[in-house]
Amino acid sequence: MFESIRNHQRLLQFLLLLLIFPAFAFFGLSGYDNFFSADDDVAVVAEKPISAQEFENARRSQIDNMRRILGDQIDPAMFDNPAARKQILEGLIDQRLLAVTAQSNRLTVADSAVRTAIQQIPGITNESGAFDFERYKTILAAQGLNEAQFEASVRADLALQLLPESIAQTAFTPALVATRVAGLNGQKRTIRTKAYNTEDFIKQVELADGAARKYYDENPQGFQSAEAATINYLVLDEATLANAVELTDAEVEKYYQDNERRFGQTEQRRARHILIEVPAGAADADKTAALDKAQALVKRLRDGESFEELAKSESDDPGSANAGGDLGYFDRSTMTEAFAEAAFALQKDEISEPVETEFGVHIIQVTEIKPESVKPLAEVRDEIEQTLRSQKARSEYLEQADIFNNTVYEQPDSLAPAAEKLGLKVQELQDYRRVATPDLAPDSPLLNPKVARAIFDESTRTSGMNTEAIDTGNNVLVAARVLEYRPAKLQEFAQVEAQAEAIVRAKRAAELAAEAGKADLEKLNNGDTVEGFGDEQTVSRATGGLSASAMDKVFELPADNLPARTGVAGGTPAYQLIEVVKVEDLDAEALKTAAESAASNQSGFEGQQALQAWLTSVKEKTPIERFEDRIISPDAAAQHGG
């Protein structure tokens, strides 16, 4: 049941994060050929185009992924420079090469592999660990998908995974290397540390006359005021329009009646099975043996033996055997035709005759039946209202977007006419900055880099005219005009004298802290005693425990001449004195286990390198045309010297 996907899941997830952008999902291998127009292609790989829309989807997806990992601290501008855009394009090219190769080699994925992959998705199993079809449908519906669409996307993604997996499996790590790496990572060192903090030396600092002024003159970039502007702005937002939509009971009831099937549930059955696996192309004798075994099991079951216990001991399906063969709820479309026909012909608790499918021979028992039903209106009212509000808001937004665009352009000296026509409010912001405007909500459209570029464009900030309507995504339009522009400039020394003095004082205090730490290190090495060490702690390369630079220093010390000492300057604290008092290596058994893990991890890393080497080789042999001028915005190019 596609065990290789499960065994190499971590490696594949990493590879897919680098190579397979979500733009692929839901279109499949062939969908790329016809979905986008060729007029805005950013690249062509083996006659397969990559459109500008695909590129933009991938860029936005990368920003969204990083935002989920790093939170609101992520700056979208990181992905809006020529180097970042080229990297995204290369990722899409790599993706397309995999798709083309998979298609040309007719890589296919069995239904069982698709089912197994879906069953492993978090959140779609019930409390007993069995697949919950209702929960599955609900999750898909929330994403606007049906089962066929999602299962097609899973099949396509699995097909793409086959190729990088097979390449990655060519890598291996020699046992000697794995043992050496495991030994280094597993070694533990017991240490004592003493911190020399900047603040402890502040009072000892005596600044020379003019030190703060000298620092100010030598570091003017640190005393610049932020480039800022006072602006008026106007926002047209589909989500806001949706919140204002009013619905009648009659509208909700009509939608429910017109879409009754959408709220229905086809007949579902919960069943368990025992699989006697028959490999593809098996000899007739093997097929007969499987059938005979299945018949014998049917007899044992009908004689009263426990289905769950027999499934655990006899079933060849690793996905359900441990659960007593339980497959959870499913409808006819979920299973292969022969299995579904047999399952839906059974009465509750009835045990089937052996059923042959492409996976082998099954014995099926239906344990529960959910008849076809339709959810009552009260249960789906919120969902219907959300759908209707969204539909009405989308229609209203499209109409108002035209008015918004035209009015801010045709009457460029004020935002008031557009606001009056659309019932919007012109807002004012006193301290809008090109970067990191304070006090804005994380999802404010004013944080979009396109808005900042438009506002601080020379023509906008000098003319006092409206910007054009700026699409910030998610059906949000913004227009703005500059009331007052304040360029970045060097602040007068008198304004920042205290700041400059504090910086110089802190720098000198850090130097004094480091000098004191180095003096104590010399004392220890000369056999003297130094007070002030903290409690002993244990660190290792695997678990960390200190800063990266401190860890490097600790493990550079010889292990055969203890105690051994070192010091680390810079950062917090300003200086750290470290003494290694004990070194522990892994015992033989632990080293063996760690070496096996290290071999797997190292092979994964080398597998990634092998995949990159393969991609490089294929790129050299494949006709690839790049249109980089179509992916680099003029603003980004100018800002980065492009």
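The values are calculated or read from the model by the stated rules, or taken from the named source; none is laboratory data. As the structure is a prediction and not an experimental result, all values here were calculated from the model. Ideal geometry is used to build each Cβ from the backbone, glycine not excepted, and the neighbour counts take in all protein chains shown. SASA here: full protein model, heavy atoms, side chains in, ligands and nucleic acids out. Shrake-Rupley method; radii C 1.70, N 1.55, O 1.52, S 1.80 Å.
Descriptive notes on the structure:
- Model label points for residue 312 and residue 200, set 7 angstrom from Cα along the Cα-to-Cβ axis, are 6.0 nm apart.
- Computed FRET value (nearest 0.05) for residue 184 with residue 561, which takes r as the C-beta separation and R₀ as 30 Å: 0.95
- Label point at residue 134 placed 7 Å out along Cα→Cβ; residues across segment 353-391 whose backbone nitrogen lies under 13 Å: 369-376
- Karplus 3J(HN,Hα) series, Hz, for segment 399-405 with 6.51 cos²θ - 1.76 cosθ + 1.60 (x for Gly, Pro): 5, 6, 4, 4, 4, 4, 4
- Each other residue within a Cβ distance under 10 Å of residue 539 adds +1 if Lys or Arg and -1 if Asp or Glu, for a net charge of +3.
- Under a 5 Å amide H cut-off, with hydrogens placed 1.01 Å from N, residue 42 pairs with 50, 51, 52 among residues at least 5 apart or on other chains.
- Sparse-neighbour loop sites [GluC sites (Glu not before Pro); segment 519-570; at most 14 other C-beta within 10 Å; DSSP]: 531, 536
- Within straight-line cross-link reach of residue 489, aspartates and glutamates at Cα separation under 18 Å, skipping those fewer than 8 residues along the same chain: 217, 218, 227, 431, 457, 458, 497
- Leading residue at positive end of dipole, segment 435-491 (Cβ point charges), from 449, 488, 438: 488
- Theoretical gain in end-to-end length, residue 225 to residue 491 [0.36 nm per residue, Cα-Cα removed]: 95.1 nm
- Basic side chains Lys and Arg get +1 at the Cβ, acidic Asp and Glu get -1 at the Cβ, and with that the dipole of the chain about its Cα centre reaches some 1200 debye.
- Point-to-point label distance, residue 511-residue 593, nm (Cα→Cβ direction, 7 Å offset): 5.2
- Each of residue 346 and residue 443 was given a label point 7 Å from its Cα along the Cα-to-Cβ line. The distance between the two points is 4.7 nm.
- Computed from backbone phi, the HN-Hα couplings of segment 576-588 come to 10, 8, 10, 10, 8, 10, 7, 10, 10, 9, 5, 6, 4 Hz, rounded to whole numbers (Karplus: 6.51 cos²θ - 1.76 cosθ + 1.60, θ = phi - 60°; Gly and Pro given as x).
- Ligands, DNA and RNA left out, the 1.4 Å accessible surface of segment 202-241 is 47% carbon and sulfur atoms.
- Each 10 Å bin from zero up to the one holding the largest Cα-Cα distance in segment 404-451 carries the following percent of pairs: 23, 41, 35, 2.
- For segment 163-273: Kirkwood Rh in Å [reciprocal of mean 1/r, alpha carbons]: 26.8
- FRET efficiency estimate (nearest 0.05) - Cβ-Cβ, residue 53 to residue 538, R0 35 angstrom: 0.05
- Linear extension gain, residue 166 paired with residue 111, 0.36 nm per residue minus alpha-carbon span: 17.8 nm
- Under 5 Å, built H, 5+ apart or other chain: amide partners of residue 271: 327, 328, 367
- One chain, two ends: residue 104 and residue 403. Fully extended at 0.36 nm per residue, the span grows by 102.8 nm beyond their Cα-Cα distance.
- Looking at segment 484-548, the trypsin sites (Lys or Arg not before Pro) that sit in a DSSP loop and have at most 12 other Cβ atoms within 10 Å of their own Cβ are 489.
- Efficiency of FRET between residue 484 and residue 436 - r from beta-carbon atoms, R0 25 angstrom, step 0.05: 0.85
- Carbon + sulfur, % of accessible area of segment 503-542 - ligands and nucleic acids excluded, 1.4 Å: 41
- Relative contact order computed over the chain (Cα-Cα under 8 Å; 6+ residues apart), in percent: 26
- Partners for residue 312 among aspartates and glutamates (Cα-Cα distance below 15 Å; same-chain residues under 8 apart left out): 277, 326
- Average accessible surface area per residue within the chain, 1.4 Å rolling probe, Å²: 55
- Candidate values (1) 3, 12, 16, 15, 14, 12, 10, 8, 5, 4, 2, 0, 0; (2) 3, 13, 19, 18, 16, 15, 10, 5, 1, 0; (3) 3, 10, 14, 17, 19, 17, 11, 6, 2, 0, 0, label of the one derived for P(r) over Cα pairs in 10 Å bins from 0, in percent: (3)
- The distance separating the Cα centre of segment 425-446 from that of segment 334-412 comes to 40 Å.
- Selection of trypsin sites (Lys or Arg not before Pro), segment 353-454, meeting DSSP coil and at most 14 other Cβ within 10 Å: 425
- As computed over segment 225-375, the Cα convex hull volume per residue (Å³): 252
- Listed residue pairs exceeding 18 Å between alpha carbons, taken from 137/375; 48/621; 48/619; 137/254; 299/370: 137/254; 299/370
- Segment 292-393 - convex hull of alpha carbons, volume per residue in Å³: 150
- Our helix-only sum for the chain, with -39,500 (n - 2.57) per DSSP H run of n ≥ 4 divided by its residues, gives a mean residue ellipticity at 222 nm of -15500 deg cm²/dmol.
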